[in-house]
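Working notes, beginning with the structure itself.
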Amino acid sequence: MESFVKLILNLDSSQGVNQKTQYLIDYFQNCSPSDGIWALTLLAGKKKERGISTKILKSTALQMLDFPTWLFEESYSVVGDLAETIAKILPVNPSFNSFSKSLACCMQEIIALKVKSDIEKEDFLKENWLAMNYEQRLVWNKLLTGGFRTGVSIGILSKALAKVYSMTLSQVQFALSGSWDPTQTDLASLMQSNAQSDFSKPYPFCLAHTFQPFDSNINLEDFQVEWKLDGIRAQLIKRENQIFIWSRGQEIITERFPELISDANSLPNGVVLDGEIVAWDKEEQKPQPFIQLQKRINKQKPSNALLFNVPVCFVAYDILEVNSTDLRDTNLVQRMIELKKIIQLGGVEKILKSQQFVLKNIQDLENLRAQSYTHAMEGLMLKHKQMPYASGRKAGVWYKWKCEPKTIDAVLIYAQGGHGKRANLYSDFTFAIKQGDSLLTVAKAYSGLTNKELEEINKFIKSNTIQKFGPVKSVKPELVFEIGFEAIYPSTRHKIGFALRFPRILRWRKDKTVNDIDTIETLKMQM
């Protein structure tokens, strides 16, 4: 545990990628395989079930303190992180010597808390807190809350592990793909895993850079142009007569789409397709809006009625494996030939090949992009014909050119404090538009403002607060912002009757007043 604490503190204080990578190399070269798998799990942001609630963490800490609840809450609001707040304010054990438990041991104890009583959990917290110094408490608290933010990407982790295990970056990224259970394996075993040892394993996804048409010198003839589909990015795998569907978020979602399993059984073994699951309009033979697919996303076993009302298709736009042979190092043109062969084998109705376009210039590209909303698409994809399939986001391979967002002008009515680096600022905002003479909440957003703008807005909030509701302040409706979003959907959960998809702040409209904001009528016109 001591070496893991040192690693976290070093990563947190380091800004350079090379330095972070070296810290990781030093740690993984010297840790035990059981500690290594837990360090990797935590740093990679893999979800783990919490064994103890925030409520018990707070109440137990308060039992050990000599000051009231309000002072704890004020301290928490200033620090902005519960793990750090508790680590800072708990009394120091004068007889502290050292905390010798391993990381794996700590995680096993934390997992075991799930079946413990509240009193047992409180005793467990007190005993461990008193056995630690500040740094150990801080990291241990983060093990309890899962709040690791060290600026370590999966790319940096992969680079470090490639050095430690003398593997290529591609081999490491494949080993890390899919899901793994740190209670059932160790780091050395995970690094040895492959499609033969785990035939459910997906490949790391290729990701796209944002296309900047007027800043780019690309030759359009070098690129394949496709629609940017609005669905669930996924890999469809058939190996050893078994079907697996993985989301880009490294989650197996096979059982949610039984109609795809049926079609995939007609594929030959040793095939991996990269594509998009979309809700499908059978009459128009085109994708439906994403709101339809949302009805199925969280249904582990969809009903027959849902399968009938919201049919799906898998639109394949790349092929990564054929006859159990990895195709990622071949260029896109060759992979498209293999994809076409697989789709044309027959027996598949719900696995389709994506449509490609031949365009001569940027103007043609702009004209096609302008049709995206009409076809229920997010925009366009540009993929270099001669490039291999990359792991992650690599310059020059794939580009995405999304449609311009829909917009409304709305007024700020509520503000809430942020966390972490923004703990001392109001940075989470709620906006409203007009319905007659009233204001109706339309969206929440927190991204899109500069630090200077945030400081200016915070001065306004402190001077123009109407009422306070816990951490939330209602403010005078004077500041107007342009809010961008992808789509508008009917919603019974919102008083206004609608929900905006991916709302974000585009700019502060200092040239407008509350009298200039949009109305519910103008919002409906964009549906």
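The values are calculated or read from the model by the stated rules, or taken from the named source; none is laboratory data. It should be emphasised that the depicted structure is a prediction, and the values quoted were computed from it without experimental measurement. FYI the Cβ positions are ideal-geometry reconstructions off the backbone, even for glycines, and counts take in every protein chain you see. To get the accessible areas, we keep the full protein, side chains included, count just its heavy atoms, and leave off ligands, DNA and RNA. Shrake-Rupley method; radii C 1.70, N 1.55, O 1.52, S 1.80 Å.
Numerical summary
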{"read-out": "Of residues in region 1-47 being surrounded by fewer than 17 Cβ atoms within 10 Å (Cβ to Cβ) and of a type in the set (D, E, K, R), the one modelled with the highest pLDDT", "value": "Asp26"}
{"read-out": "Residues of region 112-125 classified as open to solvent by 60 Å² or more (accessible area, probe 1.4 Å) and not in a loop (DSSP other than H, G, I, E, B), total", "value": "6"}
{"read-out": "From the options Thr519, Thr492, residue that is without any contact (Cβ under 8 Å) to a residue 12 or more places away in the chain and either of a type in the set (Ser, Thr, Tyr) or closer than 30 Å to Gly231 by Cα (or both)", "value": "Thr492"}
{"read-out": "Selected residue (criterion: modelled with the lowest pLDDT) from residues of region 421-468 that are under 24 Å from the mean Cα position of the chain (by Cα), open to solvent by 100 Å² or more (accessible area, probe 1.4 Å) and not aromatic (Phe, Trp, Tyr)", "value": "Lys421"}
{"read-out": "Qualifying residue in region 47-58 (condition: touching a residue at least 60 places away in the same chain (Cβ under 8 Å) and within 16 Å of Lys163 (Cβ to Cβ))", "value": "no"}
{"read-out": "Test: Ser266 is over 28 Å from Tyr489 (Cα atoms), assigned to a helix (DSSP H, G or I) and open to solvent by 40 Å² or more (accessible area, probe 1.4 Å)", "value": "no"}
{"read-out": "Some residue of region 102-112 being in contact (Cβ under 8 Å) with a residue 40 or more places away in the chain, charged (D, E, K, R) and under 20 Å from Met1 (Cα atoms)", "value": "no"}
{"read-out": "Residue within region 402-412 that is among the acidic types (Asp, Glu), open to solvent by 50 Å² or more (accessible area, probe 1.4 Å) and within 30 Å of Leu229 (Cβ to Cβ) present", "value": "yes"}
{"read-out": "Members of region 49-104 found to be charged (D, E, K, R), in a loop (DSSP other than H, G, I, E, B) and at pLDDT below 85, listed by number", "value": "Glu49, Arg50, Asp66, Asp81"}
{"read-out": "Listing of strands (runs of 3 or more DSSP E) fully contained in region 475-527 that carry 3 or more residues being open to solvent by less than 20 Å² (accessible area, probe 1.4 Å) and either out of contact with any Ser or Thr (no Cβ under 6 Å at 6 or more places or on another chain) or modelled with pLDDT of 85 or more (or both)", "value": "480-485"}
{"read-out": "Which listed residue, of Gln224, Gln235, Gln212, is of a type outside the set (Lys, Arg) and modelled with pLDDT under 90", "value": "Gln212"}
{"read-out": "Of all residues making up region 15-26, the number that are of a type outside the set (A, V, I, L, M) and either under 24 Å from the mean Cα position of the chain (by Cα) or under 17 Å from Leu190 (Cα atoms) (or both)", "value": "4"}
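Table: residues versus (1) within 29 Å of Ser372 (Cα to Cα); (2) hydroxyl-bearing (Ser, Thr, Tyr); (3) within 18 Å of the chain's Cα centre (by Cα).
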residue	(1), (2), (3)
Lys201	no, no, no
Pro204	yes, no, yes
His209	yes, no, yes
Phe223	yes, no, no
Arg233	yes, no, yes
Trp246	yes, no, yes
Thr254	yes, yes, no
Ser262	no, yes, no
